[in-house]
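> This is the structure, below, for whatever I ask next.
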Amino acid sequence: MVVAQEPHATNVGVEVLKAGGNAVDAAVAVAFALAVTHPSAGNLGGGGFLLVRLANGESTFFDFRERAPAKASHDMYLGPEGKPTRDSIVGWRAAGVPGTVSGLETAHRRFGSKPWAELVEPAIRLAQGFPVSYPFAKSLESGAKLMSQFPESKRIFLRNGKYYEPDEIFAQPDLQRTLERIARGGAKEFYEGETAKRLAQAMEANGGLITLDDLKNYRTAERKPLTGAYRGYSIITAPPPSSGGLGILQMMGMLEGTNYQDYGAGSAAAIHFVAEAMRRYYADRSEYLGDPDFFRVQVSKLLDKKYIAARRASIQPGKASTSEEIKPGNLQLAESSETTHLSIVDEKGNAVALTYTINGGYGCGVTVPGLGFLLNNEMDDFAAKPGEPNMFGLVQGESNAIQPNKRPLSSMTPTILLKDGELFMVVGAPGGSRIITGVLQVILNVVDFGMNVQDAIDAPRFHHQWMPDKLYLERGFSPDTIALLKARGHTVDRISSVANVEAIVVQPDGWLAGGTDRRAHGKAAGF
Ligand code: GLY
């Protein structure tokens, strides 16, 4: 079973599985395919996380998050008056050193069974041309404001203003050649070969920071996944520099000690409890999370049962807290410092949850001339000015300040659940700061409310991230529910986009049920 956010890419994954490839082979092929067919988020110029759990019980986590270039500095995005500029969001200086090609190759070397070139080949084929769908045409058009600022992006993705129409063929010859080089030369080509040289030269010519040394020095980090338990299920999830795994474990910890689920899915009382858990977790996120290679993330303290119980105890069933009164918890710490997701399970039961990103839709808007791929604006995931909100409105502290070679804190939350030691669920999502709350709610809908995977994904979602002090609701909640939430003191606001969750749940009889988010235009398929 493959669930991805774009149908051509899902089909590529199914073909790899059918040909005897395993879940890691399929994930590599789908990720390369998405770089062609879903360029707003699928990428060569970004980074991400790949969580794998093999059928034999082994699990590991590949962190191929972008890193700050060596020339990056704490205040690099502050203007003359000390205010953050838009340089962390748009243009050449917004890009971190890409990790995707390294991450895919590292995972493939460890667990892949098919030849590398065979897994890049479907993406090469798609780069020769594929028919534009209606949603893709609209997506490209929606990127016009950003991409028209950069001639190469304007030429390739906007056809110099003559936007692609549904059913036209979209061919990307520059990207095709880049992929052909990667198929032949692997990550070494991307980080040291022609691709690297052209990328570094273009950076220098346009005031960007990434150098050939930054590219040569890039390494994927293999990390131990975070693990926890919730109501009899084992959770395997993303460790820092993801903030998401810790987030879902902490929020589940707060919820496990309540009977919130007895109020029923979608009830104001249940939403209230979950939103208050969210508020408390995001307060901690603002202070205590960052790249573990640079900042000591006190994971065990943040997940300590007594600590979580104290956070839970401050939740009042009938009354919303204010974010002003909820500070990051007292850990008694020593002072120190548009994304996409795919879920795959192969016939042996090996599972992969892969989330990767160029951050905003179409990243920083820049396509490197001659290379055909967009660069990320992941530098905006750092705290450009600790204490001030970023693109997602997230307030973050010194723990996530910019430092050379550091990885920005992420919300990406690829997660796997086990039941009685056996694979139960593979889940993850794009959606910036809303990823963590989206993944949490889909898991709660399945585990606590007994929904099937598609219903769990389709159910309307809400989001609270401490600051701003608002309970964001997607459309679909009844006016009565909204009134009851307001009566509890929540400042309710409408949100037009939440995470797009892509998940697989193993059924009691062993069959796989795939759910793809109706908010996006993906596809779940098996064989
Ligand atoms: N770029 C979004 C995230 O990593 O959280």
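Values quoted throughout were computed directly from the atomic coordinates according to the rules given, and no laboratory measurement underlies them. Keep in mind the model is a prediction, meaning the values are calculated, not measured. All Cβ positions, even for glycine, are placed from backbone atoms using ideal geometry, and neighbour counts span all protein chains on display.
> Find the relative contact order for the range 389-445 and round it to a whole percent, using C-alpha pairs within less than 8 Å whose residues are 6+ positions apart. All intermediate terms of the calculation are to be shown ahead of the outcome.
Details: 48 pairs, mean separation 15.1, N = 57.
Contact order relative to length: 26 percent.
> Quick check on packing: order 85-97, 348-360 by the mean number of other C-beta atoms within 10 Å, highest mean leading.
Those peptides, ordered most packed to least, come out 348-360, 85-97.
> Loop-only trypsin sites (Lys or Arg not before Pro) in the range 195-271, please: DSSP not H, G, I, E or B, and at most 10 other Cβ atoms within 10 Å. Working shown, then result.
Details: sites: 197, 198, 216, 219, 223, 231; in loops: 219, 231.
Sites meeting the loop and neighbour criteria: none at all.
> Moving on to the next point. Give me the extension gain from residue 19 to residue 159: residue separation times 0.36 nm, minus the current Cα-Cα distance, reported in nm with one decimal.
Working: separation 140, 0.36 × 140 = 50.40 nm, distance 3.63 nm.
Contour length minus the Cα-Cα distance gives 46.8 nm.
> Arrange the peptides 387-394, 66-73 so that the one whose residues have, on average, the most other Cβ atoms within 10 Å appears first. Show your work: numbers first, answer last.
Values: 387-394: 16.6, 66-73: 21.2.
So the order, starting with the most tightly packed, is 66-73, 387-394.
> Full extension from residue 267 to residue 224: what is 0.36 nm times the residue separation minus their Cα-Cα distance, to one decimal in nm?
Difference between extended and current length: 11.8 nm.
> Taking 35 Å as R0, compute the FRET efficiency from the Cβ-Cβ separation of residue 527 and residue 256 and round it to 0.05.
Values: r = 37 Å, r/R0 = 1.07.
Step by step, r from the Cβ atoms, then E = 0.40.
> How much of the calculated P(r) for the range 205-274 lies past 16 Å, in percent of all Cα pairs? Each step should come with its number before you reach the end.
Numbers: 1585 of 2415 pairs.
Every Cα pair in the range 205-274 considered, those over 16 Å come to 66 percent.
> Classify the range 372-484 from the C-alpha gyration tensor, please: rounded if a/c falls under 1.5, else prolate or oblate depending on whether a/b exceeds b/c.
oblate
> Quick one: go through the range 348-385 and flag any residue whose amide nitrogen is under 16 Å from the point 7 Å out along the Cα-to-Cβ line of residue 198.
Within reach of a label on residue 198: 366-375.
> Let me ask something else. Would you mind checking 114/523; 327/406; 224/419; 71/301 for any pair whose Cα atoms are more than 29 angstrom apart?
Working: 114/523 24 Å; 327/406 26 Å; 224/419 20 Å; 71/301 34 Å.
Check vs 29 Å cut-off fails for 71/301.
> How far apart, in nanometres, would the label points at residue 497 and residue 205 be if each is projected 7 angstrom from Cα along the Cα-to-Cβ direction?
Reported label-point gap for residue 497 and residue 205 is 3.1 nm.
> OK, next. Starting with the highest mean, order 145-151, 516-522 by the number of other Cβ atoms within 10 Å, averaged over the residues of each peptide.
516-522, 145-151
> If you don't mind, there's one more thing I want to ask. Can you give the extra length, in nm with one decimal, that the chain gains between residue 125 and residue 141 once fully stretched, where that is 0.36 nm per residue apart less the Cα-Cα distance?
Result for the pair: 3.4 nm of gain on full extension.
> Lysines near residue 154 by alpha-carbon distance under 27 Å, same-chain residues fewer than 8 away left out - which ones?
The qualifying lysines are 138, 145, 162, 197.
> Can you give the convex hull volume per residue for the Cα atoms of the range 294-427, as a whole number of Å³? Intermediate values should be presented prior to the final figure.
Numbers: hull volume 26.8 nm³, N = 134.
Convex hull volume per residue, Cα atoms: 200 Å³.
> So, one more: At 222 nm, what helix-only mean residue ellipticity would the chain give, in deg cm²/dmol to the nearest 500, using -39500 (n - 2.57) for each DSSP H run of four or more? Spell out each step's value before the answer.
Values: 17 runs with 185 residues, N = 527.
Result for the chain: -10500 deg cm²/dmol, rounded to the nearest 500.
> Let me ask something else about it. Count neighbours as other Cβ atoms within 10 Å of each site's Cβ, and list the trypsin sites (Lys or Arg not before Pro) in the range 423-492 that are DSSP loop with at most 14 such neighbours.
On the way: sites: 434, 461, 470, 475, 486, 488; in loops: 461, 470, 475, 488.
Listed in order of number, the matching sites are 475.
> Pull out a ≥ b ≥ c, the square roots of the eigenvalues of the alpha-carbon gyration tensor of the range 158-237, then state rounded if a/c is under 1.5, prolate if not and a/b is larger than b/c, and oblate in the remaining case.
On the way: a/c = 2.34, a/b = 1.39, b/c = 1.68.
Oblate shape, in that a/c is at least 1.5 and b/c is the bigger or equal ratio.
> Another question, then. As I understand it, the dipole of the range 308-467 uses +1 on the Cβ of Lys and Arg and -1 on the Cβ of Asp and Glu, about the Cα centre. Which of 375, 408, 316 lies farthest toward its positive end?
316
> Size of the range 17-149 along its principal axes in angstrom, Cα-based, largest extent first?
Projected onto its principal axes, the Cα set of the range 17-149 covers 58, 37, 22 Å.
> Can you give the local net charge around residue 257? Use residues other than it whose beta-carbon is closer than 12 angstrom to its beta-carbon, Lys and Arg +1, Asp and Glu -1. Each step should come with its number before you reach the end.
Numbers: positive: 231, 305, 306, 311, 312; negative: 256.
Neighbour charge sum, excluding residue 257 itself: +4.
> Please list the equivalent ellipsoid semi-axes of the chain, computed as the square roots of five times the alpha-carbon gyration tensor eigenvalues, in descending order and whole angstrom. Could you put the intermediate results ahead of the total?
Details: eigenvalues 230, 142, 96 Å².
Semi-axes, largest first: 34, 27, 22 Å.
> Could you tell me the calculated FRET efficiency between residue 449 and residue 134, based on Cβ-Cβ distance and R0 = 35 angstrom, to the nearest 0.05?
Working: r = 33 Å, r/R0 = 0.94.
For residue 449 and residue 134, the calculated efficiency is 0.60.
> Under a no-solvent Debye model with one identical scatterer per Cα of the range 129-168, what's log10 I(q)/I(0) at q = 0.15, 0.21, 0.23, 0.33 Å⁻¹?
Values, matching the q order: -0.29, -0.56, -0.66, -1.10.
> Could you line up 37, 481 from fewest to most neighbouring Cβ atoms inside 10 Å? Mind dumping the intermediate values first?
Details: 37 25, 481 20.
By the 10 Å Cβ count, ascending: 481, 37.
> Moving on to the next point. Run the quick spin-label model on residue 231 and residue 422: label points 7 Å from Cα toward the beta carbon, then report their separation in nm to one decimal.
Distance between label points: 2.0 nm.
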